[in-house]
1. Could you check, for segment A:53-75, whether at least one of its residues is modelled with pLDDT under 85, small (Gly, Ala, Ser) and more than 20 Å from residue A:247 (Cα to Cα)?
2. Take the residues in segment B:139-153 that are open to solvent by 10 Å² or more (accessible area, probe 1.4 Å) and under 22 Å from the mean Cα position of the chain (by Cα); name whichever of them is nearest to the other protein chains (Cβ to nearest Cβ).
3. Would you be able to say whether some residue in segment B:85-105 is within 16 Å of ligand 1 (Cβ to nearest atom), among the small types (Gly, Ala, Ser) and on the phi < 0 side of the Ramachandran plot?
4. Identify all residues within segment B:48-58 that are away from chain A (no Cβ under 11 Å) and within 8 Å of ligand 1 (Cβ to nearest atom); write none if there are none.
5. Residues of segment A:248-284 being among the aliphatic types (A, V, I, L, M), closer than 17 Å to residue A:59 by Cα and open to solvent by 10 Å² or more (accessible area, probe 1.4 Å), which ones?
6. Return the residues of segment B:16-45 that are surrounded by 16 or more Cβ atoms within 10 Å (Cβ to Cβ), within 15 Å of residue B:212 (Cβ to Cβ) and more than 7 Å from ligand 1 (Cβ to nearest atom); say none if nothing qualifies.
7. State the number of residues belonging to segment B:202-219 that are open to solvent by less than 20 Å² (accessible area, probe 1.4 Å) and within 16 Å of ligand 1 (Cβ to nearest atom).
8. So, restricting to helices (runs of 4 or more DSSP H) that lie completely within segment A:120-232, which ones have at least 2 residues that are at pLDDT 90 or above, within 30 Å of residue B:105 (Cβ to Cβ) and touching a strand residue (DSSP E or B) at 6+ places or on another chain (Cβ under 9 Å)?
Amino acid sequence: MKRAGFTSVWLPVALLLPQLSIIAIFFYWPAGWAVQSSFYLQDPFGFGSTFVGFENYTDLTANSEYMRIAWFTVVFTVLVTFFSLSIALLLAVKADKVIRGAKSYRTLLMWVYAVAPPVAGFMGIMLFHQHTGPMTDFFKALGWDYKILVDYNSTATAFIIVSVWKQIPVNFIFFLSGLQSIPRAVREAAMIDNRSGVRRFWDITFPLLAPTGFFLLIINITYALFDTFGIIDTLVKGEPGNNPMTLVYKVYMDGFRGNDLGGSSAQSVILMVLVLVLTVFQFRLIERRIHYS
Amino acid sequence: MAQVTLNGVGKTYPNGFEAVKPSSFDIADGEFVVLVGPSGCGKSTLLRMVAGLEDITAGSLNIGDREVNDVDPADRDVAMVFQNYALYPHMTVRKNIGYGLKNRGTSAAEIEAKVQDAAKMLDLSALLDRKPSQLSGGQRQRVAMGRAVVRDPALFLFDEPLSNLDAKLRNQMRIEIKALQRRLGVTSIYVTHDQVEAMTMADRIIVLNGGEIEQIGTPAEIYHNPASKFVASFMGAPPMNLIDAQLENGEIRMNGSTVLTAPSDQAYAGPVTMGIRPEDVVIDEAGSTPFTIEIVEELGAHRLLHGRLAGHAFTVHVGKESLANAGEVRLQIKPDAIRLFQPETGKAI
Ligand SMILES: Nc1ncnc2c1ncn2[C@@H]1O[C@H](COP(=O)(O)OP(=O)(O)O)[C@@H](O)[C@H]1O
Ligand SMILES: [Mg+2]
């Protein structure tokens, strides 16, 4: 095949420029600014800043509230990731049995994708409402004095359930298409080799889904860490008080509510490093995925 | 090892399509039966019903002396080789071959010994630690065979196992599979759309068309006495020449003028389709039938002469020493080379 090429260097540069400038303006510039300001102590009223070195970072590790939020974020991320992946996998396996080959069903199930995040958060508010929420009634029926926004664990539970619920469709679609891409003959060969459907799942289906699973794991961790911001903000109505929050929400609270730009920037930088690590990890995994085909 | 009995076995898919009409036949212990027919005729459906991968919607199926209609595929004691090999992509060759044994409670040491045996038999010993993606098509095919052989099942099922291989490898594997089956003596059902595979491998051939059995017989029976026009044209390359004609008083007339002597004692009179195998005619100056050669197909060991006989397309198969020029010749057609079929139903008379 003949490779197409550019005769001049200026055309490709011109074509790349819009994309590059968007990345520069909306990512590198603020990121660089965050790194810089994480080394300064900003005057809350904007009258100036003092260079403090790593003090903003060392302050964080000494800050028991920050460590508590970090711990909550870890627990929250693990639970959201675990439940949204496992429930989605269970649903996908069940759906796959029914709709093998029937493409129209698959299209119908995709529609769930289209629920907007704020709508999800708003539905959470209704479901967990202190007086009228059916979930509140349900927990009360189980003997739990459920009080969202008043009781720490109640609020945390609502965060987790709404976040899981919002993420399940995405995982479901990926798992379902992963399942459907396993050749029919491979499953059938397994049916002749192994009587037990459960064992076949763990021996054949699950390993073949593993590349999809690894990919979703990263996506879900990123989601739980960052994209649940909207859900948390909607649920606590912008006033977390003594309620749990995640690290990203803490960045927002300290920076924009507490006007501690230096500390908030230091927190952002920590999160950026985390994303970087996840991204590298994911690229490694994608390389591994190709190995299977 | 076991005999297989199908008693009115049929399949109607949930969408109402009857892919296999109720069919009955027996397969003897150790027999190699080939199901052959054009694409979509229901071969795979029938095989998959035997394997238990497809529900049987009519009739009953026995493997050995056990009715297996409602028996799980894993409990039927069958092994299947699939068209795309259906190897487990994440397992090594060793694990692929041993997986079925592992689930049948075989001890690890015994599995290893059996896998080694199978690998030796199929020339896979050096490849046991590879993944399927690191194998060639022919090697994957062998692994699929190994997976079947290692279990020592009552019945082998093959669904077009060679159709993804190139022609040379296909011929080689055809012979190897047949030899392996002979050696192991395992009853086998082999599905193919390739009539050469059917002819060369089968103890008995079952010709399927449109979900119905057209004919069951040994390769020689099928070839020389096709039960229908369909079988006559499907089996054999080049196929049997089929010419519409009139049968009267023991004579066959084509286009009113050309006349052949009918096979002995025909009571039937009226329109017929006459079938003649290309190799059952000889070019002979003294022959009674004129033939116009239009194209000569040179095949080395022999030649195919394509031309016209009484205005109908006709092919003659001759040896390499025979003449090979376009033009007019005369043919000698013996009465016992002629098969007669009913033009409408296509059945042999
Ligand atoms: N699940 C199904 N539902 C409906 N029709 C089917 C199904 N599977 C196969 N068929 C139809 O049954 C016929 C026989 O299929 P198959 O047994 O696969 O043919 P072959 O193996 O001889 O090519 C085909 O016409 C095919 O379209
Ligand atoms: Mg088929």
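1. Yes, some residue in segment A:53-75 is modelled with pLDDT under 85, small (Gly, Ala, Ser) and more than 20 Å from residue A:247 (Cα to Cα).
2. B:149
3. No, every residue in segment B:85-105 fails to be within 16 Å of ligand 1 (Cβ to nearest atom), among the small types (Gly, Ala, Ser) and on the phi < 0 side of the Ramachandran plot.
4. none
5. Correct list: A:251, A:253, A:261, A:269, A:270, A:271.
6. Correct list: B:18, B:20, B:21, B:22, B:23, B:35, B:36.
7. 5
8. Per the criteria, A:184-193.
The values are calculated or read from the model by the stated rules, or taken from the named source; none is laboratory data. Treat the numbers as computed from the prediction; the structure is a model and nothing was measured. All Cβ positions, glycine included, derive from the backbone under ideal geometry; neighbour counts span all protein chains shown. Areas reflect the complete protein model, heavy atoms only, side chains present, ligands, DNA and RNA absent. Shrake-Rupley method; radii C 1.70, N 1.55, O 1.52, S 1.80 Å.
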